[in-house]
Ligand SMILES: Nc1ncnc2c1ncn2[C@@H]1O[C@H](COP(=O)(O)OP(=O)(O)OP(=O)(O)O)[C@@H](O)[C@H]1O
Ligand SMILES: [Mg+2]
């Protein structure tokens, strides 16, 4: 691939921070700050101009869009912002474009040129579907960044690549990796299968995310501190400026959380200006772990679900059986659990995961510091082949009337298995569409078309012919098309039933 | 042309290529010279002329050894230019010398990045220092206990990889590798009191003694 030779830049657009890296490592893009990243903030200045990054930090709350990335995750198109003419609904994509443009500009100034000659690899949460990926892609392209869908990489896959890239010994044996990426806003999980003599073929077996991470733990610690203060005879509700005290406590919660990653206890010395009197309480790592425990339990449930999906992708077992598999069976066979994101500095995260997995499973940082794993992996991803078997990167269309009419039989990045299917314990799990779902004509002749977004042609066959161009005897009654998580394809049309498979996918049964 | 060839044969060859306006082969150049009245010349003369032509700034060599005149000299990327030089000197160059230059050329486009990273490393240290300073001031005004104060100072410097040597006020036995006497020298093994702690800077790759602990007998 010639694209791989062009200078590559990784861009990690996170919920709270945005980072840029070249193949050599992180490129600091902070402006007028000591941090190497740019805050993921955009807003409107008093004169009505859009400002992104640190300059937006000092804007009044109403003029600011925080956690703008969540608007894509949650499917919101507009955000209400105060502009000089009054409150207005602003298209979030336009704000994201401004943020990415600013990040690109800074990256170009500090390091490799981010222009037509280079290639930008953009990360996205593994849980995003095709529409969500195209939204971010469109915003990046309007920011004049040289990106295409094929250079958009799932964030946990990037974190995995950051780790793989530092491994010097390759056994050639397939590796099973779980990526646990816990940042400020979200926990992103992925189960990867890595193959090839140099472990350069990375395949996603399962990926999902939950919107509970660092910010939520900060809230929980602040609530716990509230109780500790009450024990010390300080009632926050009785304090004159209560909101100010709460903000102070929340900041103290975050600082204490971060310091407790390297110490067993930390003092919290109250400000008499804020609380009306001086007081000192000591908070321990044990207390923090107790508050964190229910969060980690939910995180582990999510890990279990991701492992279930991975099992469905690889085995012929019924979902009914898999949905009932106990955790100690689900966690078997994982070679390494990779920790990514700032929250993974907390020792309790590693401890819990070490308890959860078998003793032969290594639990390691994807990179040190773990906040940089995604962006560094993105910049390095050019050397790797990545395939998402859980959300395949191709469309399957059925066209007739010389291509004048068509239906989308499978839309790229749609999960092949829905969580609800597993929950119901359905057998024979697969993605499937029939003639009536698609409102096909009663009869006539059509053809299958495959559109690949991986940057390369998809190799897939059916009835021992190419999937792309395969003739279809149209029938609204009989037509059915299925893709199985292991790569098998089945199509029934007016003429019969045809079996096929995606040849590019890892054959997980064949070691 | 014949006169020019007689005084400066290279210039004559160049003129032929320039006036051709397109890429020309060696045979075509020789034909053009003959047509302009240049008398026959031997193979050695031509080889010498061809060598000069090949390295001329305004000449590019196209596939099939066709020569073309370009108005603006083509400047190849430094790495390509270096590889051409290596090729043209054949084996008469030390491998290590070529490698060292290749590495420098590969790093060159990353210089601004390297500079930005170095600056970042300094900023990381400065931020840690500023956080420590503001925290100490805040704790002092908020009447923090001595224990809280010392604990927080040690937490902050620990984040920067600093590991304390001893604790102020503790008593211990003298070890010249870790301790610095205040005043006259002290024998190893003598009982001492720590006046001020020292620090080591420890990372996975480094272990540096920043300062010894100050002690007195
Ligand atoms: N030393 C530490 N100990 C504990 N937590 C830490 C530490 N350093 C950072 N964090 C926490 O990590 C979180 C930020 O992580 P990160 O920078 O990976 O998030 P992000 O990429 O901006 O967000 P997201 O991945 O959710 O989009 C914050 O909650 C922060 O408090
Ligand atoms: Mg992140």
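We did not get these values from a lab; they are worked out from the coordinates using the rules stated. All figures in this text were calculated on a predicted structure; none of them were measured in a lab. Neighbour counts are summed over all protein chains in view; Cβ atoms, including those assigned to glycine, are modelled from backbone coordinates with ideal geometry.
What's the center-to-center distance, using Cα atoms, between the stretch B:1-46 and the stretch A:226-292 in Å? What the calculation gives is 90 Å, centre to centre.
Normalised by residue count, the protein assembly as shown yields a Cα convex hull volume of 286 Å³ per residue. Across q = 0.18 Å⁻¹, the stretch B:105-147 modelled as identical point scatterers on its alpha-carbon atoms has Debye log10 I(q)/I(0) values of -0.63, in the order of the q list.
Ranked from largest, the principal axis spans of the Cα set of the stretch A:206-293 equal 52, 27, 18 Å.
Counting only the Cα atoms, the stretch B:2-75 fills a convex hull of 86 Å³ per residue. Between residue B:96 and residue B:146, the modelled label-to-label distance comes to 5.9 nm, taking each label 7 Å out from Cα in the direction of the beta carbon. With N counted as the residues of the stretch A:3-147, its alpha-carbon radius of gyration over 2.2 N^0.38 Å works out to 1.03. The coefficient of translational diffusion for the stretch A:265-406, derived via Stokes-Einstein from the alpha carbon Kirkwood radius under 25 °C and 0.890 mPa s, stands at 125 µm²/s.
A viscosity of 1.002 mPa s and a temperature of 20 °C, combined with the Kirkwood radius over C-alpha pairs in the Stokes-Einstein formula, give chain B a diffusion coefficient of 85 µm²/s.
The ranking of B:214, A:124 by Cβ neighbour count inside 10 Å, starting from the fewest, reads B:214, A:124.
The convex hull around the C-alpha trace of the stretch B:100-207, projected and averaged over every direction, spans 11.0 square nanometres. The percentage of C-alpha pairs in the stretch A:394-509 whose separation is greater than 23 Å is 27%.
Contact order, relative form, for the stretch B:2-75: 35 percent (alpha carbon pairs under 8 Å, 6 or more residues apart, mean separation divided by residue count).
Quick one: which of A:200-213, A:256-269, A:454-467 comes out on top by average Cβ neighbours within 10 Å, and what's the full order, highest first?
Going from most to least packed, we get A:200-213, A:256-269, A:454-467.
Expressed as a whole percent, the proportion of Cα-Cα pairs in the stretch A:463-507 lying more than 16 Å apart is 37%. Taken over the alpha carbons of the stretch B:163-217 as equal point scatterers, the Debye sum produces base-10 log I(q)/I(0) values at 0.15, 0.21, 0.27 Å⁻¹ of -0.39, -0.68, -0.99.
Take each residue of peptide A:86-99, count the partner chain Cβ atoms within 10 Å of its Cβ, and average: the result is 0.
Rounded to the nearest 0.05, what FRET efficiency do residue A:451 and residue A:34 give with R0 = 60 Å and r taken as the Cβ-Cβ distance? Could you check? The computed FRET efficiency comes out at 0.85.
Inter-chain neighbour count for B:114-120: the average number of beta-carbon atoms from partner chains within 10 Å of each residue's beta-carbon is 5.
Using the alpha-carbon positions of the stretch B:1-128, Rg (one decimal) and Dmax (whole number) come out as 22.7, 81 Å.
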